[in-house]
Each structure stands twice: as structure tokens, then as C-alpha cells.
Amino acid sequence: MKHSRQIDHLPAAINLTKLHNKYANIEIKHLFIEDPERFANYSLEASGLFLDYSKHKINEKIMSALLSLAEQAGVEKAKQDMMSGDKINFTEKRSVLHVTLRKLSKNNINPGDEILSKIVAVRERMRDIAYAVNSGSWKGYSDKTIKHVVNIGIGGSYLGSKDVLSALEPYHSANLSYHFVSNIDPTDLTKVIAKVDLESTLFIVASKSFSTLETIENAKSARKLLVNHGCPESKIQNHFIAISTNLEATKAFGIAEENTLPMWDWVGGRYSLWSAIGLIIVIIIGYDNYLSLLKGAENMDEHFLNAPIEKNMPIIMAVLGVWYQNYFNSQTHALISYDSRLKDLSEHIQQVDMESNGKQVNQQGNKVDYDTGAIIWGGVGTNDQHSYMQLIHQGTRTVPIDFIIPVKSFNPLESQQQWLLANALAQSKALMEGKTEDIAYDELIDSGKQQQYAEYLAKHKVIAGNKPSSTILMKQLTPETMGALIALYEHKVFVQGLIWNINSFDQWGVELGKELSSPIMEQLTGTASLNLNADSSTAGLINMINSYLKN
Ligand code: F6P
């Protein structure tokens, strides 16, 4: 019998339902006793990343059925379709070629190939701009050198670059400060402007469409502030660079052609850090480090494209996710990094994953009756242990976790780094093993508690255990390992989308809120009236807001 939210459109799903019925209560810690080689059997290394997926509710049969799911979803063909530029973003009739953006290996670059030569030409322009800014030859309107770089962009035109720059702090140029302005909230821009000297500030307006409300409004405000500060209109180009597919709009905004970098409709917004949108990365970490970032991603791409399915890291992570979302009703998935430089990773991958796989109809447009994308969230250890980990250890839900652990710190500080590593491993072990009531009781008695109180308290100290997690180790967080890590998650999301038979590359769901904001704005500002008869909540809130604004 099909349990709700389980996959039902692929033959392997029948087998998985049976396996789930049989092994629903499989105990991870017992699996280690049964198979002393379990760690070796359920781990692999690729592109500088080591994945341990032994602490999962899987055995050979389950893993093989899960991998069949990926096979039957057509993962091999889909990879080739993506690489050959087929329009796999079928609702928008677009190719999906972010992988091509990170091709570096000479043997992959055919100078006759139009797309690749365009990519290389833009990369070289990014290099030249970064050099001009870093060498001091790029000057502001009053002849001051550039000291601050401000990226104005939102969503994919912001999250990836922010994540990479936080992660690669040891590689930053010492002479530049960088900032991001994303939100329409005026506080964002105001706070950044307070930190910079406008005469030595370069604004990068990063927007694939160049029509995103937040970005355009922030860019207009920045331009106005600059002019009010004394910048003549004729020198605006000293302070603005645009990156977009919409070259008419960048021109209309007044950004000179030589300061405009193109991108293409085949780069999805959430994959755009690999395009010219990543300019701020090149400026701040330098071109050579940027190439290493691309190299790491390219290594993971090669692995994804060529490794057999049972040794393929993104595919393994994808099917494990499907196992928990569709068979254990997990709903959610956490990314917890034991390196504070990865503080922005979960927010970045949250967009990559949730904007891609938060879909309710399949490729044919029919409503799916199984769960699709998980709610992705996360944070940084050990702070997590003093916050939400309680719910994961003792709450009623199963939250699968990826623990991401760079081993060598750039700031090891005596034994602190070892403590950090020990805590990371302790979390995955505690999640798996838990604590029984008997053990809790014995510990309480040993510590001198009275029998009656020990019996009562032991129940509250029970930790169910059997909570799954993966551990991703890397030697150090470098441009290369960071590139590989991001590409790993991008491919995982792609494979899950294939299994769920959805389009992972569109995002129609974000449109309605955008559409409704304009008439509500008109109502708020009194420039037009909106018929809100059947929505007394929105009408009431508008009235409340207007009354607060007036008094
Ligand atoms: O939130 C929707 C979205 O289209 C994202 O996919 C994209 O990354 C973001 O808006 C920004 O879009 P743009 O780069 O066109 O300004």
C-alpha cells in the first residue's frame, strides 16, 4: 500500500515501499555491529571532499533500490542533456549551462565553440577589472583609488558571492572592504553607505534581469547619494559596473558599455555566482584564487559526470535525501558547518535547493502526490549545540543533517580546533546512539540521586538516537574545496529534481508576491485604489499602516 507522500511514478518505488515497511525501524548503531566494514563501505572521496554516509538508515538493499530510482529517473541521459545545452529548463525553454561556466581544462575549451569563447572573454574582463581595482588604476570621480566594493543584488545575484567571500576570508585583498546590499529595506543601504567613503566606492549592480525591484531601487538610491555627494553625472561610470543579460536596461540606467559585463539566459539566477555575477569574488580574492574556485567546481562536475552511480557523491546525497523526505516524512534537512567561515552556506544552499525543488507539478504539469523539496536550513557548530540541537536530539521529528567539517583551521589556537572537531563528531555519534532509560537511570544512581527521583528523571534524559547524518570532511576550506562543495549541492539538487520529475530550473512561485506588491504600494501611497472587498485582512493592515505613518 502506498503511504502518502511516497514516490509512485518510478518502478523502483514499489521496491522502496516494501523496503521501508520492512526496515522502517532499522537501527543505525546495530548496522555498525553487523558490518565492521560499514564506514569503508559507505564512504567515498571526490574532488577534495570526503563523504561518510554510514550513519544512515540504509543497508545494501535499500541503497541499491535508491540508486535504481536515480537510474530510472534518467540521470545519465539528463547529465548529457544538460551538458549538450538541451533546453532542460522546459517551462522557460532555456538551456542550463552553469557547468560550462567553470570549465577550465584546456582540452575542454574548443576556441571554435561560441559559448566557451564568450565565457573566456568575460572571465578575462573580470580579471582586468579586478586588476584595475586592486592596483589602484581604477579611480573614483575625485581621483581617489577604490577602497570599497558594494554589490547591489538579491537572491542568486547575492547569496553565492556572499557565501564564497565569507568562506574564503584568508584569501581577501587587504586593501579593500566589501559589502552587500540586497534588501529593499532602506536600512541595508543606509548602513553600508555609513561604512564607506563614496569617493572611493565601486558599486556593482548585479542583476540577471536588471528589473528586480530591490536591486534597481537600491542602485537608483546609491546613484543619487553619489551625485549628492558631489560626483558629476559625467563621472558616474567611475563608480558603477553592471552585470546583466538586459543590456538595454543597463544602458538606460546610465552605466557605460565598457563597465557592463554580460551574462546569458542559460545561467539560472541561483547558479550565477559562476558567471560575471561573481565579479566581486574576483576583485576580493584575486583572479588566481577565483580560478581555483572554478577548478574545484569543475573537479566535482567531472566526478558527477563520470563516476559510476554507486560511487557518485551528488547522486548518493540526492537519493539519501529522497529516502528521508519521501519515506520518513522528514520535511526538512539541515546543513551544519563546523567552521564559522561557512556561516553563509546554509542560506546560499537554501536558495539553490528550495527555489529549485519547491515545486508541486511534474514535468507534464500534473500535480504530484508525493513530497518534493525539503525545507533547508542550518547554521554553525558549536553554536548550534546551544540552540536548536536540543530539538534534533530529543524532539519528535527526524531531521537529517549534513555536518560539514574543514579539518585544518587557518587559526588553530592551541587545542580549540581539536575541540571543535571533537564536538562535531560527538554530535553525529550522539544522534546515532542516543541514551536509553536504563543507562540514564544508572548514571543518576551512580551520581547519588535517590531511586524515586532517578526513575522520574531518567525518562526526561532519554535520547532516542537513531537520527541520521552525513559527514563531509575536507582538509581545509580553500577556493578549490569551496568550489567543489557548492557544485556538490548544485548537482544533488539537480538529481533530486529528476527523481521528483519536476523542473528544478524555474521559479514561478516567486512571481505572485512581486505582482501584488505594486497595487498594494499604490494603495499605500494613495495613487490608486485596490479592490480589497474580499480581503479584509490586507485592507485592515493597509489602514493600520497608514494610520501609523500619519501619527
Ligand atoms: O527570487 C527570484 C529571482 O528571480 C532569483 O531566482 C534570482 O536569483 C533573483 O530573483 C534575482 O534576480 P535578478 O538577478 O534578475 O535581479
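The values are calculated or read from the model by the stated rules, or taken from the named source; none is laboratory data. Quick caveat: nothing in here was measured; it's all calculated off a predicted structure. Cβ coordinates were reconstructed from backbone atoms using ideal geometry, including for glycine residues, and neighbour counts include every protein chain displayed. Only protein heavy atoms, including side chains, enter the accessible area calculation; ligands, DNA and RNA are left aside. Shrake-Rupley method; radii C 1.70, N 1.55, O 1.52, S 1.80 Å.
Observations
- Three principal axis lengths of the chain [C-alpha, angstrom, descending]: 80, 67, 58
- The convex hull around the C-alpha trace of the stretch 240-315, projected and averaged over every direction, spans 6.3 square nanometres.
- Dimensionless Rg ratio for the stretch 293-344, taking C-alpha atoms and the 2.2 N^0.38 Å reference: 1.43
- Cα-only Debye scattering, the stretch 1-118: base-10 log of I(q)/I(0) at q = 0.11 Å⁻¹: -0.62
- The residue list Ser337, Asn326, Ser517 was ranked by how far each Cα lies along the charge dipole of the chain toward its positive end, using unit charges on Cβ atoms, and Ser517 comes out on top.
- Three-way shape label, the stretch 155-240, alpha-carbon gyration tensor, a/c 1.5: oblate
- Near the amide H of Phe240, within less than 5 Å, lie the amide hydrogens of Phe203, all on another chain or at least 5 residues away, with H placed in the peptide plane.
- Karplus-derived HN-Hα couplings along the stretch 5-14 (A = 6.51, B = -1.76, C = 1.60, θ = phi - 60°), whole Hz, x at Gly and Pro: 6, 7, 5, 9, 9, 10, x, 4, 5, 5
- Beta bridges by DSSP in the stretch 96-244, antiparallel share as percent, to the nearest 5: 5
- Antiparallel content of DSSP bridges confined to the chain, in %, to 5: 25
- The share of alpha-carbon pairs in the stretch 321-379 lying farther apart than 12 Å comes to 68%.
- Within the chain, helix-based [θ] at 222 nm, where runs of 4 or more DSSP H residues each add -39,500 (n - 2.57), nearest 500: -14500 deg cm²/dmol
- Annotation: the stretch 190-286 has a Kirkwood hydrodynamic radius of 13.9 angstrom, from the mean reciprocal C-alpha pair distance.
- Computing FRET efficiency as 1/(1 + (r/R0)^6) for Gln452 and Thr332, where r is the C-beta to C-beta distance and R0 is 41 Å, gives about 0.60.
- A simple rule links phi to the HN-Hα coupling: the Karplus curve 6.51 cos²θ - 1.76 cosθ + 1.60 with θ = phi - 60°, which for the stretch 488-498 gives 4, 5, 4, 6, 4, 4, 4, 5, 4, x, 5 Hz, with x for Gly and Pro.
- Dipole magnitude of the stretch 209-360 about its Cα centre (Cβ charges: Lys, Arg +1; Asp, Glu -1), debye to nearest 20: 320
- For the chain, relative contact order (Cα pairs under 8 Å, six or more residues apart, normalised by length) works out to 19 percent.
- Here Lys195 and Asp143 are evaluated by their C-beta separation; at R0 = 22 Å the FRET efficiency comes out at 0.50.
- Over the stretch 339-429 - Rg/Rh using Cα atoms and the Kirkwood inverse-distance radius: 1.09
- Rounded percent of accessible protein surface that carbon and sulfur make up, the chain, 1.4 Å probe: 52
- Rel. contact order, % - alpha carbon contacts under 8 angstrom, at least six apart, the stretch 440-551: 10
- For the stretch 218-369, the ratio of Cα radius of gyration to the globular rule of thumb 2.2 N^0.38 Å stands at 1.40.
- Taking every lysine pair in the stretch 189-340 that is 8 or more places apart or spans two chains, those with Cα atoms closer than 26 Å amount to 18.
- Size descriptors for the stretch 437-491: radius of gyration and Dmax over Cα atoms are 21.4, 57 Å.
- Under 5 Å between amide hydrogens, built in the peptide plane, is the criterion, and for Gly395 it picks out nothing among residues at least 5 positions away or on other chains.
- A simple packing score, the average count of other Cβ atoms within 10 Å per residue, orders the peptides 267-275, 33-41, 181-189, 297-305 as 267-275, 297-305, 181-189, 33-41, with the highest score first.
- Dipole magnitude of the stretch 411-492, debye to nearest 20 (Cβ charges: Lys/Arg +1, Asp/Glu -1, about Cα centre): 220
- Pairwise label distance in nanometres, Asn21 with Ser43, each label 7 Å out on the Cα-Cβ vector: 3.6
- Kirkwood Rh, angstrom, the stretch 86-196 [1 / mean 1/r, Cα pairs]: 17.1
- Contour minus Cα-Cα distance for Arg5 and Lys29 (0.36 nm per residue): 5.9 nm
- Oblate is the label for the stretch 303-459. Its Cα gyration tensor axes, ordered a ≥ b ≥ c, give a/c of at least 1.5 and b/c at or above a/b.
- Considering every alpha-carbon pair of the stretch 243-283, the percent of pairs per 10 Å bin, from zero through the bin containing the longest distance, is 30, 51, 19.
- Alpha-carbon centroids, the stretch 335-357 and the stretch 364-412: separation in whole Å: 9
- 0 to 90° range, to nearest 10: angle between helix 60-72 axis and the chain longest Cα axis: 30
- Relative contact order of the stretch 391-499, defined on C-alpha pairs under 8 angstrom at six or more residues apart (%): 40
- Chymotrypsin sites (Phe, Trp or Tyr not before Pro) restricted to the stretch 82-182 and DSSP loop, no more than 16 other C-beta within 10 Å: Phe90
- Under the shape rule built on the C-alpha gyration tensor, where the axes satisfy a ≥ b ≥ c, the stretch 50-98 is prolate, since a/c reaches at least 1.5 and a/b is greater than b/c.
- Phi-derived couplings, Karplus 6.51 cos²θ - 1.76 cosθ + 1.60 at θ = phi - 60°, listed residue by residue for the stretch 300-312: 5, 4, 4, 4, 4, 6, 10, 5, x, 3, 7, 10, 9 Hz, with x used for Gly and Pro.
- Where the chain is the region considered: accessible area per residue in Å², 1.4 Å probe: 45
- For Gln476, distant residues with modelled amide H under 5 Å away: Val407, Lys408
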